[in-house]
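Take a look at the structure set out below.
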Amino acid sequence: MKNMLSQETIENLNDMLDGDEFHLTKDSHRETLEVTRKLYNLGFLTKEKHKYVVKFKNRKHLKRLVELNSWKEFNNWLDHTDEEKKSSNSVITNNIHNSSVGQINQASDNSLVNSPKNETQKSLKKSWLYKLFLWVSIIGVIIGAIIGLYQIFGNK
């Protein structure tokens, strides 16, 4: 295998996999320094001043680098996994324009997100106060008609 990683670099990567921080100093092994910076630039490590720590979700990438023991092969593996993800995943477009957070959270990968029913507009149009006013108006018209008919026919 060409471009094999040094034993010191492998040990530092294993330490990071075990949860240890890697402290970058002027005296750090050159290859370890380069690999650490490349992993940071790819987003696999976090950095605080001169300390590097592996992100939990990226441990599998660091493990794979240790297994392959070569930066070149690791890059080829990354390219291959990216191509695999792109080819295996179909393009999904979700129209969530008029959806609530609950609907988006409850939608599965293959389900459609239904537009929410706008209850506030319906409730404003037909609120209980509006209905009460409507019934009072109807009853008022009926009572007025009865009183009017009584006055016309009741005075004879």
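The values are calculated or read from the model by the stated rules, or taken from the named source; none is laboratory data. Predicted model only: the values in this text are computed from it and were never measured. Reconstructed Cβ throughout: ideal geometry from the backbone, glycine too, with neighbour counts over all protein chains shown. The accessibility values were calculated without ligands, DNA or RNA, using every heavy atom of the protein model including side chains. Shrake-Rupley method; radii C 1.70, N 1.55, O 1.52, S 1.80 Å.
Below, the figures for the structure above:
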| item | result |
| --- | --- |
| Any pair with Cβ under 7 angstrom, 6 or more apart, that starts in the range 1-20 at a residue that is of a type in the set (S, T, N, Q) and ends at one that is at pLDDT 80 or above and not in a helix (DSSP H, G or I) | 3/70 |
| Condition met for residue 91 (assigned to a loop (DSSP other than H, G, I, E, B) and either loosely packed, with under 12 Cβ neighbours inside 10 Å or modelled with pLDDT of 80 or more (or both)) | yes |
| Positions within the range 49-63 being surrounded by 15 or more Cβ atoms within 10 Å (Cβ to Cβ) and farther than 18 Å from residue 28 by Cα, in sequence order | 58, 61, 62 |
| Selection from the range 22-39 of residues that are open to solvent by less than 90 Å² (accessible area, probe 1.4 Å) and of a type outside the set (A, V, I, L, M, F, W, C) | 25, 28, 29, 31, 32, 34, 36, 38 |
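Listed here are the residues, each with its yes/no results for (1) assigned to a helix (DSSP H, G or I); (2) modelled with pLDDT of 60 or more; (3) surrounded by 10 or more Cβ atoms within 10 Å (Cβ to Cβ).
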site	(1), (2), (3)
43	no, yes, yes
46	no, yes, yes
72	yes, yes, yes
82	yes, no, yes
87	yes, no, no
116	no, no, yes
129	yes, yes, no
